[in-house]
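The structure under discussion appears below in the form of structure tokens.
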Amino acid sequence: MRSKFLPFSAPTITEDDIAAVAEVLRSGWITTGQKSADFEKKFAEYIGCPAAVVLTSATAGMHVAFNALGIGPGDEVITPSITWVSTVNLAVLAGARPVFVDVDRDTLMASASSIAAVMTPKTKVIIPVHFAGSAVDMDPIMELAKKHGVAVIEDAAHAAGTRYKGNHVGKTGTSIFSFHPIKNMTTGEGGMFCSDDAALVERIRRLKFHGLGVDAFDRQMQGRSPQAEVLEPGYKYNMTDISAVLGLRQLARLEEFNAKRTDLAMLYRRRLAEIDELIPLTDAKYPVRHAWHLFIVRLDTDKAGMSRDDFMMELKARNIGTGLHFRAVHLQKYYLEKMGMRRGMLPNTEWNSDRICSLPLFPNMTGQDVDDVVDAIKEILKK
Ligand SMILES: *Cc1c(COP(=O)(O)O)cnc(C)c1O
């Protein structure tokens with residue numbers, strides 16, 4: 001058994017990253033400034049999108065996007081239930097109704113046909129989730145949305161570095177990335193809004209900082225322009241330069257991080273192929289460069305004779321951390337009790353919600369760590 005706990009995720013932070021953050025702290029300008037502006041520019045260049053706006057989180061990005069799109073009472077927001085709770089909470093907080101689309105059982109992603117099945121005249125926005133670092137088949141979804149005049153915001157929290165049909169997720173359309181510490185690159189907390197809709201980008205830029213016509217940082221003034229006026233009421237979701245400098249440094253190493261993740265994922269795949277009780281996710285049937293944000297397995301609970309929760313506990317007892325991405329949102333207390341959701345609504349989502357488990361995966365893991373996880377799994381399933 002491992003003597004040291006293997007976490008399910010860990011950020012990759014070097015001494016040089018720490019020195020770069022310290023330099024910002026010593027510089028006299030620590031909130032939104034040149035580093036944030038540089039980070040937006042470099043990220044947009046990397047993705048190949050015309051513009052990017054940096055914010056304090058992906059959730060903040062979704063919040064301002066909902067505001068910019070005017071999402072409110074009477075509107076329906078389509079998204080999977082197997083997602084992070086933030087999107088669904090925001091829909092409810094805006095007074096809109098979340099409508100859940102079931103996902104493919106083996107890719108955990110929504111398709112145009114499953115989305116079409118839950119669309120109504122009230123549908124205002126579709127939010128597909130690029131799951132685990134793979135990519136949703138966006139072309140048919142964009143076609144469907146265009147036909148019905150519905151907005152699309154891609155949840156790209158798992159997809160920094162993912163390519164769909166040769167292009168970066170985020171290159172076209174509107175996407176939101178997350179830089180939470182477990183994501184493929186981090187700024188501590190942070191998010192990036194990318195869009196090819198110049199008018200929407202302008203609104204997001206304004207809404208993330210009090211609705212002022214200018215950013216938090218005026219380059220000529222070397223500070224905030226004192227005569228800035230409120231053009232519409234906005235939020236305060238601007239990223240600090242302390243975080244942005246970390247983002248710049250992480251972005252420069254993202255390809256390297258993702259290459260390591262990919263190697264580890266392939267190693268897992270080879271070693272886990274011998275274990276009948278684990279059901280892998282399947283690859284997309286269209287060209288995707290996977291960013292391997294997560295390595296997810298599904299426990300065949302019948303074959304294993306144990307629940308997924310017990311399986312995770314057994315791994316923890318062997319000093320191995322795991323994650324759960326995600327417990328279906330519609331089965332959580334508030335949504336069951338207050339929103340009239342029930343088990344049985346979304347068969348593929350529920351089947352997965354009861355069986356999924358994310359194994360440890362982060363760039364600084366070793367092949368030996370993967371072997372330790374696989375050995376522990378074999379031991380647990382043999383019992
Ligand atoms: C992490 C995550 C988010 C939220 O990102 P934050 O930056 O923490 O707000 C949204 N959606 C998905 C699918 C995520 O995994």
If you take the residues in the stretch 315-345 that are aliphatic (A, V, I, L, M) and in contact with a strand residue (DSSP E or B) (Cβ under 9 Å, 6 or more places away or on another chain), which one is farthest from Met1 (Cα to Cα)? Met339
Taking the stretch 337-352 and the residues there that are of a type in the set (D, E, K, R) and over 15 Å from Arg327 (Cβ atoms), the one that is least open to solvent (accessible area, probe 1.4 Å) would be Glu337
Of all residues in the stretch 308-334 being of a type in the set (Phe, Trp, Tyr) and away from the ligand (no atom under 16 Å from the Cβ), the one that is surrounded by the fewest Cβ atoms within 10 Å (Cβ to Cβ): Tyr334
Search result, residues across the stretch 1-48 that are part of a loop (DSSP other than H, G, I, E, B) and either closer than 14 Å to Val245 by Cα or at pLDDT below 95 (or both): Met1, Arg2, Ser3, Ile13, Thr14, Gly28, Trp29, Ile30, Thr31, Thr32, Gly33
Of the criteria (1) open to solvent by less than 20 Å² (accessible area, probe 1.4 Å); (2) over 20 Å from the mean Cα position of the chain (by Cα); (3) of a type in the set (A, V, I, L, M), which one Leu69 fails: (1)
Checked Lys35, Lys41 against criteria (surrounded by fewer than 19 Cβ atoms within 10 Å (Cβ to Cβ), under 16 Å from Gly190 (Cβ atoms) and out of contact with any Pro (no Cβ under 9 Å at 6 or more places or on another chain)); the one match is Lys41
Looking at the stretch 211-231, is at least one residue open to solvent by less than 20 Å² (accessible area, probe 1.4 Å), within 16 Å of the ligand (Cβ to nearest atom) and either within 30 Å of Ile115 (Cα to Cα) or modelled with pLDDT under 95 (or both)? no
Taking the stretch 42-57 and keeping residues of a type in the set (Gly, Ala, Ser) and within 16 Å of the ligand (Cβ to nearest atom) leaves Ala52, Ser57
Any pair with Cβ under 7 angstrom, 6 or more apart, that starts in the stretch 330-350 at a residue that is in contact (Cβ under 8 Å) with a residue 12 or more places away in the chain and ends at one that is open to solvent by 60 Å² or more (accessible area, probe 1.4 Å) and in a loop (DSSP other than H, G, I, E, B): His330/Met345; Leu331/Arg343; Asn348/Asp104; Asn348/Arg105; Glu350/Arg343
Which listed residue, of Ala65, Ala60, is of a type in the set (A, V, I, L, M, F, W, C), assigned by TED's automatic domain parsing to the domain that holds Ala244 and within 11 Å of the ligand (Cβ to nearest atom): Ala60
Condition check: in the same structural domain as Gly48 (by TED's automatic domain parsing), under 20 Å from Asp196 (Cα atoms) and within 11 Å of the chain's Cα centre (by Cα). Does Ala135 satisfy that? no
Qualifying positions in the stretch 300-321 - aliphatic (A, V, I, L, M) and part of a loop (DSSP other than H, G, I, E, B): Met306
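The values are calculated or read from the model by the stated rules, or taken from the named source; none is laboratory data. Bear in mind the structure is a predicted one, so any value in this text is a computation, not a measurement. Neighbour counts are summed over all protein chains in view; Cβ atoms, including those assigned to glycine, are modelled from backbone coordinates with ideal geometry. Areas reflect the complete protein model, heavy atoms only, side chains present, ligands, DNA and RNA absent. Shrake-Rupley method; radii C 1.70, N 1.55, O 1.52, S 1.80 Å.
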